[in-house]
1. What accessible area, in Å² to the nearest ten, does a 1.4 Å probe give for residue 60?
2. Provide the net charge surrounding residue 3, with neighbours chosen by a C-beta distance below 10 Å and charges set as Lys +1, Arg +1, Asp -1, Glu -1.
3. Between residue 79 and residue 26, take the C-beta separation as r, use R0 = 30 Å, and let me know the FRET efficiency to the nearest 0.05.
4. Could you work out how much longer the chain between residue 56 and residue 41 gets when fully extended? Use 0.36 nm per residue separation minus the Cα distance between them, nm to one decimal.
5. What percentage of all Cα-Cα pairs in segment 154-214 are separated by more than 16 Å?
6. Keeping all protein chains in place and using 1.4 angstrom, which order do 169, 45, 206 fall into by accessible surface area, from largest down?
7. Note the full-extension length gain between residue 187 and residue 68 as 0.36 nm times their separation in residues minus their Cα-Cα distance, in nm to one decimal.
8. What fraction, in whole percent, of alpha-carbon pairs in segment 30-82 exceed 19 Å separation?
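The values are calculated or read from the model by the stated rules, or taken from the named source; none is laboratory data. Keep in mind that what you see is a predicted model, and the values were worked out from it rather than measured. Note: ideal-geometry Cβ built from the backbone for every residue, glycine included; neighbour counts use all protein chains shown. SASA here: full protein model, heavy atoms, side chains in, ligands and nucleic acids out. Shrake-Rupley method; radii C 1.70, N 1.55, O 1.52, S 1.80 Å.
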Amino acid sequence: MIRILIADDQAMVRQGFGALLGAQPDLLVVGDAANGAAAVEAARELRPDVVLMDVRMPVMDGLEATRRITGPKVLILTTFDLDDYVYEALRAGASGFLLKDAPAADLVHAVRVVAAGEALLAPSVTRRLIAEFAARPHRDRPRPVALNALTPRETDVLRLIARGRSNAEIAADLVVAEQTVKTHVGRILGKLGLRDRAQAVVFSYETGLVAAGE
């Protein structure tokens, strides 16, 4: 059973999402919150697996709340399809990003994907990240010490993750089993102290491991 906390300042949205998700046999809505501060407290007390987080809320916005939440996966839900929200949400530690007008089936699928430990990082979001870094002035950056902990093969896998490849696509590119790729991904996240693939993508571009346009 996947435990879910819904954070949104609109009661009707909380109730609607709650009814939709609660109707699924493998999903359980354990609580809701009307602002970011309440979401942080509820996440600490209720220990959900996934937090559905709105961006624009009173008291504390969803981005700051995401930064303060540790443990549960955070799925950002917003009506604002803006580049800065996408980028900042992922940097804050969100595991996924979904617009509120997405089909109901997409929301249910997103919760399951994020709960399973995968990042809901659609190609469109990856393109936004690449564009964000491409727009920045180029400067030489020293190789982060953390990357020295990775084996050459793990570094190859990280580069492919940063380019938006799925585990199956990485396995095909490297001619290895998909389970082997999953093992590499888990070790990469552990060595670098990253929450999931979304943070791995941001890390790769911010450290210069992968450059926009490669």
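1. Looks like 30 Å² after rounding.
2. Taking every Cβ under 10 Å from that of residue 3, the sum is 0.
3. Values: r = 27 Å, r/R0 = 0.90.
In this case the efficiency is close to 0.65.
4. On the way: separation 15, 0.36 × 15 = 5.40 nm, distance 1.76 nm.
Here the segment from residue 56 to residue 41 would lengthen by 3.6 nm.
5. Details: 650 of 1830 pairs.
The share of Cα pairs beyond 16 Å in segment 154-214 comes to 36 percent.
6. Details: 169 90, 45 125, 206 60 Å².
Of 169, 45, 206, the descending order of accessible area is 45, 169, 206.
7. Values: separation 119, 0.36 × 119 = 42.84 nm, distance 2.44 nm.
So the extension gain works out to 40.4 nm.
8. Working: 205 of 1378 pairs.
Summing the P(r) tail past 19 Å for segment 30-82 gives 15 percent.
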